[in-house]
There are 2 protein chains.
Amino acid sequence: MYFETILSPALLPQYNLSRKTVIVIDILRATSSICVGFNSGVSLFHPVANPEDALVLEQVGFITAAERNGQKLQGFTLGNSPFDYLNTDLNQKKVAITTTNGTRCLHLSREADEIIIGSFLNLNAVAKYCKEKNRDVIAFCAGWKDKFNLEDTLFAGALAQLLSKDFKIECDSTLAAMDLFDKAKSDLSGYIKKASHAQRFERLGIEKDIDFCMQLSIYDFVPKMVGENLVL
Amino acid sequence: MYFETILSPALLPQYNLSRKTVIVIDILRATSSICVGFNSGVSLFHPVANPEDALVLEQVGFITAAERNGQKLQGFTLGNSPFDYLNTDLNQKKVAITTTNGTRCLHLSREADEIIIGSFLNLNAVAKYCKEKNRDVIAFCAGWKDKFNLEDTLFAGALAQLLSKDFKIECDSTLAAMDLFDKAKSDLSGYIKKASHAQRFERLGIEKDIDFCMQLSIYDFVPKMVGENLVL
């Protein structure tokens, strides 16, 4: 079994997703917040390409979540911060969600056999899931507007380290990600805060989101796409 | 002045090259071999998109160099190995060259103000050139068939370290490249040999090319594009 890493959606055309498990990674913050949402009782997330689609689903009982350029859009219940999903009653709620990078990657991964959600918050659960499935794995980093980013790459490296005995790793992107995680792991939050995306976050005043999203394996579940929905 | 890194040609559309110096990097082996060629007396390299164009130029006195998938094409004088350029009389010769990744990147960089050639063999000279030019810099990694590779990234990191006092570095790709170079620098050849591209090389029996290409700053010049030619 092979483990590969796609460092940005712009690199996707060089990879074949069929018969593979794809782990979509958008650490700051879509895939982290989705995990928080499930922990708060969300029954399903329905990823949509644009905010208008979320508003249509609001008419039929969905909660709406929309983020662009790091900020919650006006007129929507939730944004992309994990704290939105901690401080709102979400028990048994369906959420229609659209974000700058993360939800787009879910759509781009359609050819995969299976699409799951990865974040540091459920790292060990994702590793366990991949081992049990016995299928090639692709860590798909959402990046930032098609550019490489550090935080998603670090997660790919952390996961690869956990799977390195069970999977063949011959892909330079994964080797780089593992070495970067090695460098960062003693102070993950500190390392991420020097990154460009985190600096953008500082300007938005949401540094506490970073500390929250860097917690390791506080949840023991793996959200996955079933049809057009993310469920547990 | 800003320093940015493009980790693969597939990421190029996310960057604006105008008014910038672009350093094209194809460590294994186009940009290394081009440096060796100039040191052996080549007067100019003319990069061409396909082998047929090189053969046309042979009719008017050019030496031909053509590589695809790591191997020299039959019917051409030179391939892509640095040793080809050490062991052939190249004094005052013009070379028409086409390679899998490197020459393509020269063409893709056309919007830049200036395009120069970077390799470990002329690392210090490239750094000095960038400092003197007083212009934003983009390290453009050729990668391998649009995928990320380690050796080109390591060069971007090495160059960024030399320029970190003179340039602003806010780009995650560059931060990652610098940390990877930190990890690799004590044994650059050994580090590269674990990479996928190097493993492909091992199958081709050209490991000695890697050792050669990892020598630091043995040449003190910077090849640059002038019109359609690379010259010193």
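Summary table
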{"read-out": "Which numbered condition B:Ile115 misses (of (1) aliphatic (A, V, I, L, M); (2) in contact (Cβ under 8 Å) with a residue 40 or more places away in the chain; (3) in a helix (DSSP H, G or I); (4) away from chain A (no Cβ under 14 Å))", "value": "(3)"}
{"read-out": "Residues located in the range A:1-36, provided they are touching a Leu at 6+ places or on another chain (Cβ under 7 Å), within 14 Å of chain B (Cβ to nearest Cβ) and β-branched (Val, Ile, Thr)", "value": "A:Ile6"}
{"read-out": "Residue check for A:Glu4: of a type in the set (D, E, K, R), part of a strand (DSSP E or B) and without any contact (Cβ under 8 Å) to a residue 60 or more places away in the chain", "value": "no"}
{"read-out": "Given (1) within 14 Å of chain A (Cβ to nearest Cβ); (2) in a helix (DSSP H, G or I); (3) within 13 Å of the chain's Cα centre (by Cα), index of the condition B:Leu106 fails", "value": "(1)"}
{"read-out": "Scope the range A:53-78; condition without any contact (Cβ under 8 Å) to a residue 60 or more places away in the chain, touching a Ser or Thr at 6+ places or on another chain (Cβ under 9 Å) and surrounded by fewer than 21 Cβ atoms within 10 Å (Cβ to Cβ); matching residues", "value": "A:Asp53, A:Leu55, A:Leu57, A:Glu58, A:Arg68, A:Asn69, A:Lys72, A:Leu73, A:Gly75, A:Phe76, A:Thr77"}
{"read-out": "Residue satisfying condition, being more than 21 Å from B:Asn16 (Cβ to Cβ) and of a type outside the set (Phe, Trp, Tyr), within set B:Lys194, B:Lys133", "value": "B:Lys194"}
{"read-out": "Enumeration of residues in the range B:37-77 that are among the small types (Gly, Ala, Ser), over 16 Å from B:Thr88 (Cα atoms) and outside any helix (DSSP H, G or I)", "value": "B:Ala49, B:Gly70"}
{"read-out": "Qualifying residue in the range B:40-60 (condition: out of contact with any helix residue (DSSP H, G or I) (no Cβ under 7 Å at 6 or more places or on another chain), of a type in the set (Ser, Thr, Tyr) and more than 14 Å from every other protein chain (Cβ to nearest Cβ))", "value": "yes"}
{"read-out": "Out of B:Thr77, B:Thr88, sole residue that is over 17 Å from the mean Cα position of the chain (by Cα) and at pLDDT 95 or above", "value": "B:Thr77"}
{"read-out": "Members of the range A:83-99 found to be of a type in the set (S, T, N, Q) and touching a residue at least 60 places away in the same chain (Cβ under 8 Å), listed by number", "value": "A:Thr99"}
{"read-out": "Total residues in the range A:114-158, condition closer than 19 Å to A:Tyr2 by Cβ and of a type in the set (D, E, K, R)", "value": "7"}
{"read-out": "Selection count where residues are in contact with a helix residue (DSSP H, G or I) (Cβ under 9 Å, 6 or more places away or on another chain) and either β-branched (Val, Ile, Thr) or assigned to a loop (DSSP other than H, G, I, E, B) (or both), scope the range A:118-141", "value": "3"}
{"read-out": "Wholly enclosed helices (runs of 4 or more DSSP H) of the range B:142-232 bearing at least 3 residues among the hydrophobic types (A, V, I, L, M, F, W, C), over 21 Å from B:Thr98 (Cβ atoms) and more than 14 Å from every other protein chain (Cβ to nearest Cβ)", "value": "B:150-163"}
{"read-out": "Per-region count, the range A:12-32, residues in a helix (DSSP H, G or I), over 24 Å from A:Glu207 (Cβ atoms) and either within 17 Å of the chain's Cα centre (by Cα) or among the β-branched types (Val, Ile, Thr) (or both)", "value": "1"}
{"read-out": "Given (1) in contact with a Lys or Arg (Cβ under 8 Å, 6 or more places away or on another chain); (2) among the polar types (S, T, N, Q); (3) at pLDDT 95 or above, index of the condition B:Asn124 fails", "value": "(1)"}
{"read-out": "Residues of the range B:146-192 satisfying the condition of being touching a helix residue (DSSP H, G or I) at 6+ places or on another chain (Cβ under 7 Å), among the charged types (D, E, K, R) and buried (at least 22 other Cβ atoms within 10 Å of the Cβ)", "value": "B:Lys147, B:Glu151, B:Asp172"}
{"read-out": "Selected residue (only one of A:Asp152, A:Asp182, A:Asp211 is within 30 Å of B:Leu188 (Cβ to Cβ) and over 15 Å from the mean Cα position of the chain (by Cα))", "value": "A:Asp182"}
{"read-out": "Flag if B:Ala96 is within 14 Å of chain A (Cβ to nearest Cβ), touching a Phe, Trp or Tyr at 6+ places or on another chain (Cβ under 8 Å) and closer than 18 Å to B:Asp26 by Cβ", "value": "no"}
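The values are calculated or read from the model by the stated rules, or taken from the named source; none is laboratory data. Because the structure is a prediction, the values reported are computed rather than measured. Quick reminder, even Gly has a Cβ in these numbers, built from the backbone with ideal geometry, and neighbours come from all protein chains shown.
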